[in-house]
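Data block below; observations after.
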Amino acid sequence: MNEEPVTRIVIVGGGTAGWMAAAALSKLTASKITLVESEAIGTVGVGEATIPQIRIFNRALGIDEAEFLRETKGTFKLGIEFAGWTGEGSSYMHAFGNVGEGGGLVPFHHYWLKARASGAAGDLRAYSLNERAARANRMGMWATQPGKPAPDMPWAYHFDASLYARYLRNLAEKSGVERLEGIVAKVEVSAGKDVIRSVRLEDGRTIEGDFFIDCTGFRALLIEGALGAGFEDWSHWLPCDSAVAVPSTMKGEFTPYTRATARPAGWQWRIPLQHRIGNGHVYSSVHMSAEKALDLLLSTIDGEPQAEPNRLSFTTGMRRRQWIGNCLALGLSAGFMEPLESTSIHLIQSSIARFVAMLPGRDGQPALADEFNRQAQFEWTRIRDFLILHYAANGRVGEPFWDACRAMELPDTLSAKIEQFRSAGFIHREHEELFTLPGWLQVFVGQGILPERWHPIADRRDPAELKAFLDRIETQIGRIVDTMPGHAPFLRDYCMPRDSAPARAPETVQ
């Protein structure tokens, strides 16, 4: 017999996490969804950059891309530039999509390494369509035609997180989600069990449910406050513990990429939206004061500040159990990963997808929770390792923060990955870890980690043939980029009504 299904899901907390969950569950399940939030409690809302998987989530909800970009003041994103991470003036990009193309029995980068040794290959960026389009501030889309595959150029978005939450709220409420205004005063848990019966609001109302989703942010009122999930602290590997964010007026290049610039005690983000630039400084409070961190941010943003600075303190890490009994944590309730690789919203998305795939009955089914937590642990730790790599392989010698990062002992999983690449150019994507071979390759090479040798199979390719192969790829990419319009005019034509235009510097939209 089928177990009685979950018919009442209560989401506590709104923001991006809460409304992503509400929109998805109301679309994909038959459960009655209730979301409790309070206008009196603010949301963090600093995550405004995404990775290409967000398009899968939006498509699953039937979201029209042009409408979504209009409503969220969104722009396109082709990758992330890392400026200054190997020293002042340095720059590389982790661009989405492939680097090079399949040309033999081993990955492209082995052939590139061989050709590079003889001077027959350009920089790695020459073979990335996404990076070359991004550097040229261009964007394009292509219709698939029979016998003529469209160029492989995946994209993501920059958008206003608060507007995205509002957009999803509208979708969710149209799908029947009930929103309740209120502040949770108490979480009622069954005696001796990891089962939440209800949440009681300050005004006395009691909200019962079969399953509860904790989207209460850093407070983690349900998963930690009521159920004691425990927290795995990663600050010894990712020592930044503070951030200050401020939006600014449009000025400078309207880039289809995020910029992450290394600073003396952390790094600074730049995210272009249609109506403003999102800026933030992530830093270690042990190495820099809050006042100095703000001064540095304000002195390096492109335009004029548009609002008071938003300060944030955090500890990087994750809940030891993100699903306990009949409660699942999403977003900041589940843990915190600094936005260096724009993974915050993706982690919400992947947890929702994992939960929907398992969708428990009313008795919770502990085996499902155990498997969910195992998968979450794997996903989070592999993303953690990717972030640590940026810090550990820095080239900023003589700065105490960065010197300490280079000297730290690494997780075994990351040490093995670095050694495998350094010794033999080998990159292995384990199971369904988020970042693929091209991502690891670009960060390894961009941060100065190069293999001691390439695969012997690459030596079997004739040098002249190899050079022609690489030249063809570089030329083809150049031709594609040359046909693409600028990011600003493409965005305007794609999603803006004819009687309006993005509010940015005039020279960027003409």
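The values are calculated or read from the model by the stated rules, or taken from the named source; none is laboratory data. Everything numeric in this text was worked out from a predicted model, so none of it was measured. Please note: Cβ atoms are built from the backbone with ideal geometry, for glycine as well, and neighbour counts cover all protein chains shown. These accessible areas exclude ligands, DNA and RNA; they are computed on the full protein's heavy atoms, side chains included. Shrake-Rupley method; radii C 1.70, N 1.55, O 1.52, S 1.80 Å.
For this structure, a couple of remarks:
- Projecting the Cα atoms of Val189, Tyr164, Ala229 onto the dipole axis of the chain, where Lys and Arg carry +1 and Asp and Glu carry -1 at the beta carbon, places Tyr164 farthest toward the positive end.
- Contact order for the chain, expressed relative to its length and based on alpha carbon pairs under 8 Å spaced 6+ residues apart, stands at 22 percent.
- Lysine pairs in the chain with Cα atoms under 21 Å, if 8 or more residues apart or on separate chains: 5
- Relative to the compact-globule estimate of 2.2 N^0.38 Å, the Cα radius of gyration of the stretch 325-430 comes out at 1.34.
- Summed over the residues of the chain and divided among them, the accessible surface reaches 42 Å² per residue at a probe radius of 1.4 Å.
- Global size of the stretch 423-496 as Cα Rg and Dmax, reported in angstrom: 18.0, 52
- Helix runs (DSSP H) in the chain reaching 30 Å along axis by Cα, Kyte-Doolittle at least 0.5: none
- Taking each DSSP H run with n ≥ 4 as -39500 (n - 2.57) and averaging over every residue of the chain yields -10500 deg cm²/dmol at 222 nm.
- Annotation: amide H-H contacts under 5 Å for Lys32 (H modelled 1.01 Å from N, sequence separation of 5 or more, or interchain): Arg8, Ile9.
- Rounded percent of accessible protein surface that carbon and sulfur make up, the stretch 28-162, 1.4 Å probe: 49
- Dipole check for the chain: with +1 at the C-beta of Lys and Arg, -1 at the C-beta of Asp and Glu, and the Cα centre as origin, the magnitude is about 760 Debye.
- Cubic angstrom per residue, convex hull over Cα atoms of the stretch 187-284: 180
- Nearest-0.05 FRET efficiency for Ala143 and Met496, computed from C-beta distance (R0 25 Å): 0.75
- Volume of the convex hull of the stretch 271-382 (Cα atoms only), normalised per residue: 140 Å³.
- Carbon + sulfur, % of accessible area of the stretch 251-408 - ligands and nucleic acids excluded, 1.4 Å: 52
- Kirkwood Rh in Å, taken over all unlike Cα pairs in the stretch 1-141: 19.5
- The stretch 407-466 and the stretch 127-165: distance between their alpha carbon centers, rounded to Å: 26
- The ellipsoid that matches the Cα gyration tensor of the chain has semi-axes, each √(5λ) in whole angstrom, of 39, 26, 24, with the longest given first.
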